Amino acid sequence: MKQIKTSLFFYYSLAIIAIILLVVCFIFEGTGGGGDSVFHFQYAKFAGQHPENFFNHWAKPLYTIFAFPFSQFGFVGIKVFNVLMSLVSAFFTYEILLHFKTANAKFIAIVLYSIILFVNVTISGLTEPFSAALLMVSIYFLVKNKTVLGLFIISFLPFIRSEGLIILGVVFVYLIASKKFKWSPWLISGHVVMSVIGSFYYHDLLWVFNKIPYAHMSSVYGIGTWTHFIDQLYFQMGLIEYILFFIGCISMVITLIKFKNKLPFINEKLWLIYGCFFAFFLAHTSFWALGIFNSMGLSRVFVSVMPLMAIIVLDGLNFIETQTLLINKKLGVGLKYIFIILLVVFPFLKTPASYKIPDDFELEASQVLIKNSVVPYINSYKPNKILIMADISVPLFKNLDPFDKSKVRMMHDVKEFNSIDTNSIVVWDTWLSVMEFGLTLEKLNHCNNLKMDTIFHITSRQGRVTEYAIFSRK
């Protein structure tokens, strides 16, 4: 296999992509995902005033620590942080491909950023881009035989995304297959470090296990089908990536059958690329189909392993090229560039798997309603009231610290809505109030001591109606 040299094309393409993403961060006001994106930002932004935020298992301690300085510059700051993390992912994915001597590695930035979901989640406050970056940095050091450093870094993955535990399991198998089992204790180093640091707050060395919010065999979000994520792959990736992805999987099977362990990188690529992705995929498929671990069947979780998916897509492209070259050299090269062009163009076509510009980067309809109607009403008529709400975007647009209980309370903090303080108001919404807390508008209307002051509604471009009602004591 010939040596693959570094390419200026990769760096030029990555630089152009970086500029575009940073411009989007500053021009568009969107949060890249509703409540979770905003809440991660809030946890990081106010961690200085509330140090316990650094050890909140839901917020993900390592993410909060790294995002903290960026979040001080507002929501645009945390979006910039995630853009930087996505660039780290792309760079180390490229370096890994060079290690594997993969043809057409220079196109990996185009392949990765042509996945719409990867870009949409990058422009957010969500944890997946950082998780992807840490994963690719770790794999890079593992394949470069810097095993201890790679294991030490990857051991912190569960403190960015809980599914990191799945990845650690695959890496453990990889160590056995690669006869590096003696280094496996390093896989627990992240838990040891975080356990000791967090114990000063929780007074519990086992807080990293005892405080996991997903550790129960049920889900309030219901159950799905076993084919859910297979169906969703198309919408995650788009048609061209979708086709190349499955061809890439087939090419790996053929390589395994043809060469088995004759190629030195087979174990590395089999376990660290394909193994990590498919373990992740099968785990989330099971969680959703069985209705466990509070799975919501969200596609965005796959951004955590999307650089692995991009590698598989590139394998598919290379397989098509090599097979076509056997027929005709010009045809093989031409077909390759046709696919590259299609990768760039397809996200902008009018298909279900294409960008919805500017909607993908603007505020959601519910956030527009909060910003333009709910918050102005509160500021005019209820300026000093304590907010009781489910939607964390309310304190975001009111510039309040959501962890200051003297100003903001989540609905789960209220035991009886009939007896709320006279200095409090309830901001009810049609989604989170009902889904997360089971609080319907009918229930609030039947509270004897509450009255509805006003109600706002908005209809999204997709036809979804969202309502926000404001209640106060009679």
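Numbers at a glance
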read-out	value
Enumeration of residues in region 438-455 that are under 31 Å from the mean Cα position of the chain (by Cα) and either part of a strand (DSSP E or B) or surrounded by 15 or more Cβ atoms within 10 Å (Cβ to Cβ) (or both)	Leu439
Val76 being part of a helix (DSSP H, G or I), within 19 Å of Ser393 (Cβ to Cβ), in contact with a Cys (Cβ under 6 Å, 6 or more places away or on another chain) and modelled with pLDDT of 95 or more	yes
Test result for Lys79, of a type in the set (Lys, Arg) and more than 30 Å from Ile320 (Cα to Cα)	yes
Pairs with Cβ under 7 Å, 6+ apart, first in region 332-345 and more than 21 Å from Ile16 (Cβ to Cβ), second of a type outside the set (A, V, I, L, M, F, W, C) and part of a helix (DSSP H, G or I)	Gly332/Glu321; Gly332/Thr324; Leu335/Glu321; Leu335/Thr324
Checklist (1) outside the structural domain of Asp231 (by TED's automatic domain parsing); (2) touching a residue at least 12 places away in the same chain (Cβ under 8 Å) applied to Ala353, failing item	(1)
Of residues in region 332-358 being in a helix (DSSP H, G or I) and either among the basic types (Lys, Arg) or at pLDDT below 85 (or both), the one nearest to Val24 (Cα to Cα)	Lys336
Set Ile312, Ile370: member being surrounded by 14 or more Cβ atoms within 10 Å (Cβ to Cβ), under 22 Å from the mean Cα position of the chain (by Cα) and either part of a helix (DSSP H, G or I) or assigned by TED's automatic domain parsing to the domain that holds His40 (or both)	Ile312
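Residues checked against (1) in contact with an Asp or Glu (Cβ under 9 Å, 6 or more places away or on another chain); (2) of a type in the set (Gly, Ala, Ser); (3) in contact (Cβ under 8 Å) with a residue 40 or more places away in the chain:
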{"site": "Phe10", "(1), (2), (3)": "no, no, yes"}
{"site": "Ala18", "(1), (2), (3)": "no, yes, yes"}
{"site": "Gly30", "(1), (2), (3)": "yes, yes, yes"}
{"site": "His50", "(1), (2), (3)": "yes, no, yes"}
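The values are calculated or read from the model by the stated rules, or taken from the named source; none is laboratory data. Computed from a predicted model, the values in this text were never measured in an experiment. Virtual Cβ from ideal backbone geometry, glycine too; neighbours counted across all protein chains shown.
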